[in-house]
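Take a look at the structure set out below.
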Amino acid sequence: LSGNARNCSLTGNPDSHRNLSGKGLRCLLDVPHTSGQEVNRNAHHGSGRFFSQSSQPLGEKIPSLLISSVGQSPRHFPAWNIQINGSFHTSPSLQAAPAPLFWIIVKPAQKLFAIILGRSIRNWWKALPPNKRELFKESARKNKWKILLGVSILGVVFVMFYFTHLEETPITGRARLLVFGKEHFRELSQMEYDMWMEQFKNQMLPETDARYQVVERVVGHLSDSNKDVPQVSALKWVIHVVDEPGVNAFVLPNGQVFVFTGLLDAVSDIHQLSFILGHEIAHAVLEHAVKKASLVHFLDFLSLIFLTLIWAICPRDSLAVVGQWIQSKLQEFMFDRPYSRTLEAEADKVGLQFAAKACVDVRASSVFWQQMELAEAIQGQPKLPEWLSTHPSHENRAEHLDRLIPEALKIRESCNCPSLSGPDPRLIFRLNMQHLLESSKGRKPPNSTKQDPSKPKLDFPHT
């Protein structure tokens, strides 16, 4: 792609994307299984580097995508021109399908019932005369083993429910909790699709647009190269390119692919774009929406017990409200967000394998996240701790992918893909980083002793 969002053209032979029907395209193999512990462990390491401008062509058959601003030479790519609306999240919160519609309606009623029940128990206890309170306490002490047995039985029921609803995750083989049927999510996916289409109805690019065609060919190539995976071949992948500056992309569970033009402006080449779309396809294939909704519903049901206890024990409503807020935040930061980060790490791993089977230069995957880290730093965006986010930090994602790249290169080699020639894009990124640091030391903006980091004056030439 060359030019801005309204002036775009493909570089190279427009038929070159269709020439990918060689050995690499037809490579069909089983992706090795990986344990959930390994995925989770790999999601929490980090290192920051710099910005790369080139990856090797996809078997020298796909032309690289060069993104540049109007009026600039295509040989330069100013990193600070990347417009980022908040942190880059390839899976927005709305992508994960909610619980089935019935539970969406019932959930607030469940919480209200727990609050009313807990408050009623507290008022009943306050209204008891002192002598009856003592009798009740004495009775509880005498029957403590019966009470403990009842609580234990309730705990066993929850544990049995959890383990009887575990299934094996496609590809990775990791155990996952599934509470709801997949047919519910197909209906809700259609509802969510209608919502997105209504929201972006005036921003959809036509099929004749070059940017649409690039996304369509990349998704088609990824799906053709991984058609040995039943979940990939079973879905019909439908492309939607939205003229929106946000750096974002997501895939609904029913195979509807949404890509924002801001992402196309942010990637350096087709290899990075292929990895990002492979990541999003992995979310749909691994049914992460179903997994996340199942866990959230299971935890919400358990939290009703604690919610009732909070409102029964706290002497005042104001304290109960504070206790309820603390309980919800503990659930969010101890379970919900770590689980979301685990799913993101799993999608990175499987998405990288999908890209490797499509003969993509998988080394460009970690460079993309380093570019995103650099762009946010240049724009002066605050850097939040990873535990506050539903996604791993950019540094940790790059580090995680760097550890996965050797395995992905072996998969790529087993598919008889063309050899990767030229320098490693990660090395180019580090060299560009050095160039930036050395250049910034010798330059100062006029009439100032400090340079505004959000408006740097340096250009990075292609290596």
Hey, LEU222 open to solvent by less than 30 Å² (accessible area, probe 1.4 Å) and under 21 Å from VAL350 (Cβ atoms) or not: yes
Subset of the range 260-290 [within 19 Å of ALA375 (Cβ to Cβ) and outside any helix (DSSP H, G or I)]: PHE260, VAL267, SER268, ASP269
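Criterion first (open to solvent by less than 10 Å² (accessible area, probe 1.4 Å), assigned to a strand (DSSP E or B), in contact with an Asp or Glu (Cβ under 9 Å, 6 or more places away or on another chain) and under 30 Å from HIS165 (Cα atoms)) does VAL257 satisfy it?
yes
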Only one of GLN213, GLN199, GLN190 is more than 27 Å from LEU299 (Cβ to Cβ), surrounded by fewer than 16 Cβ atoms within 10 Å (Cβ to Cβ) and among the polar types (S, T, N, Q); which? GLN199
How many residues, within the range 264-290, are open to solvent by 10 Å² or more (accessible area, probe 1.4 Å) and among the acidic types (Asp, Glu)? 2
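Inspect the range 330-337 for any residue being out of contact with any Ser or Thr (no Cβ under 7 Å at 6 or more places or on another chain), open to solvent by less than 20 Å² (accessible area, probe 1.4 Å) and either under 30 Å from GLU287 (Cβ atoms) or assigned to a helix (DSSP H, G or I) (or both) and give the result as yes or no.
No, that holds for no residue.
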So which residues in the range 310-329 are of a type outside the set (Asp, Glu) and open to solvent by 40 Å² or more (accessible area, probe 1.4 Å)? ILE313, PRO315, ARG316, SER318, LEU319, VAL321, VAL322, GLN324, TRP325, ILE326, SER328, LYS329
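The values are calculated or read from the model by the stated rules, or taken from the named source; none is laboratory data. Just so we're clear, the structure is a prediction, and the values are computed from it rather than from any experiment. Cβ atoms come from the backbone with ideal geometry, glycine included; neighbour counts cover every protein chain shown. Surface areas here come from the heavy atoms of the whole protein model, side chains and all, with no ligands, DNA or RNA. Shrake-Rupley method; radii C 1.70, N 1.55, O 1.52, S 1.80 Å.
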